[in-house]
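These notes are about the structure you will find just below.
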Amino acid sequence: MADEERDWLRVNRANWDDRVRVHAESDFYDLPGFLAGGDPLRATEVAEVGDVSGRRLLHLQCHMGQDTLAWARRGAWVTGVDFAPAAVEVARGLAAELGLAERARFVVSDVYRAREALDGERFDVVFTGGGSLVWLPDLARWAEVVADSLRPGGFVYVSEFHPVTDTLDEAGERVVADYFDDRPERWETAHTYTDGPALRHRETVQWRHPLGEVVTALAVAGLRIEFLRERPATLFQRFSSLRRGPGGEFGFPAGRPRVPLMYSLRARRPAG
C-alpha cells in the first residue's frame, strides 16, 4: 500500500473510530429510538430503491448499521461494510438486539478492499448513503468495486449530499470555493456533526467529487444510469439560511433562489 494511501486511511479511520464513541450516545442517531422501531431511511430512498424482500443488499460505508438494518427490517438479506472496527461492533450489537443477526452481517473493510473481504460475493443491490463519497480519493476505483459487487441485473443506489454545497459560504449565499478543486482537504475539527463531547482524533482528509465525476465513474465501470435526481432539500441545517419544512428536511425559504442540496442516482449492471 502506498504511503499516501496508508496515511489518509490511518487518519480517517482513527477519526471515525472516535466518532462512534460520540455518535452511539447522541440524540442525532438516537439508538434507543431506532431499537424501538425508528426508521432512519427517507421516503424517497425507500421508494426509489423499491421492494427489497428476499434480495441481497450490500451497504458500503455503513457506519453503525442503522440504515443497513432498516433494509433488513424490510426483508432484505444485508451486508454492511465499514472501515471503523468500533462502528462494526455497534452494528453487530444492534443486529443482535433486534433479532436480525441471521439476516444481517457486518464486515470490517475499507471500500477498496471490500471484494476480498466479502470473498467475491455479489448482490442484487448496492446502497450508499449521504456523506460517503467525500471520504474516497478515487471514484473510478470505487465504481469498479460497486460494479463488481453487483449480480447481472442488479443496481447501485446512491443518496448523497450535492457537491455544490461544499462551494458555498456558511449562509449558503455566495460561492467561496472552487467546485472543480480535486485536491485533498485536511480538516481539524473538535466536534463531529452530532451533539456530544469533543473528539480526541480531530484530523480528517476529504475530497470533493463533482456530480459529473460520479456519473462518469459508474458509466465507465459498465453500469447503465437509470436516473439522476437533484433535490432542493437536505437532512440537516447545512446553511444558516435554511429552514426546516413540515417533513423534517431543510431547504431555502420561499422566494429565495435555490441550488440542489442532495441528489439520488440509480445505475444498473446489464443483465446480459
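Summary of computed values
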{"quantity": "Values of log10 I(q)/I(0), in the order q = 0.12, 0.14, 0.15, 0.17 Å⁻¹, for the chain under a Debye, Cα-only, solvent-free model", "calculated": "-0.75, -1.07, -1.26, -1.67"}
{"quantity": "Karplus-derived 3J(HN,Hα), 6.51/-1.76/1.60, for each residue of the stretch 255-272, Hz, glycine and proline x", "calculated": "x, 8, x, 10, 10, x, 10, 9, 8, 10, 8, 10, 9, 10, 7, x, 6, x"}
{"quantity": "Spin-label pair D27/A117, simplified geometry with 7 Å Cα→Cβ offset, distance in nm", "calculated": "3.2"}
{"quantity": "Order of R208, R151, R256, R174 - criterion: other Cβ atoms within 10 Å of each residue's Cβ, fewest first", "calculated": "R174, R256, R151, R208"}
{"quantity": "Prolate/oblate/rounded label for the stretch 1-92 (Cα gyration tensor, a/c 1.5)", "calculated": "oblate"}
{"quantity": "Nitroxide proxy distance, nm - points 7 Å out along Cα→Cβ at D138 and R244", "calculated": "4.2"}
{"quantity": "Selection from L60, P197, P137 lying farthest towards where the dipole of the chain points positive, charges on Cβ", "calculated": "L60"}
{"quantity": "Cα gyration tensor shape of the stretch 183-255, rounded if a/c is under 1.5, else prolate or oblate by comparing a/b with b/c", "calculated": "oblate"}
{"quantity": "Burial order of peptide ranges 153-159, 78-84 (average beta-carbon count within 10 Å, highest first)", "calculated": "78-84, 153-159"}
{"quantity": "Residues whose placed amide H lies under 5 Å from that of L168, excluding near-sequence neighbours", "calculated": "V176"}
{"quantity": "The stretch 9-26 - phi-based ³J(HN,Hα) in whole Hz, Karplus 6.51/-1.76/1.60, Gly and Pro as x", "calculated": "5, 4, 5, 6, 5, 4, 5, 6, 4, 5, 4, 4, 3, 7, 5, 5, 9, 7"}
{"quantity": "Cα gyration tensor shape of the stretch 221-272, rounded if a/c is under 1.5, else prolate or oblate by comparing a/b with b/c", "calculated": "prolate"}
{"quantity": "Helix-derived mean residue ellipticity, 222 nm - over the chain, DSSP H n ≥ 4, -39500 (n - 2.57), to 500", "calculated": "-8500 deg cm²/dmol"}
{"quantity": "For F34, F227, order by how many other beta-carbon atoms lie within 10 Å, fewest first", "calculated": "F227, F34"}
{"quantity": "For G154, distant residues with modelled amide H under 5 Å away", "calculated": "R269"}
{"quantity": "Fewest-first sequence of M64, M262 by Cβ atoms within 10 Å of each Cβ", "calculated": "M262, M64"}
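Read the figures in this text as sums done on the coordinates, not as results from a lab. Computed from a predicted structure; not experimentally measured. Backbone-built Cβ (ideal geometry, glycine too); neighbour counts: all protein chains shown.
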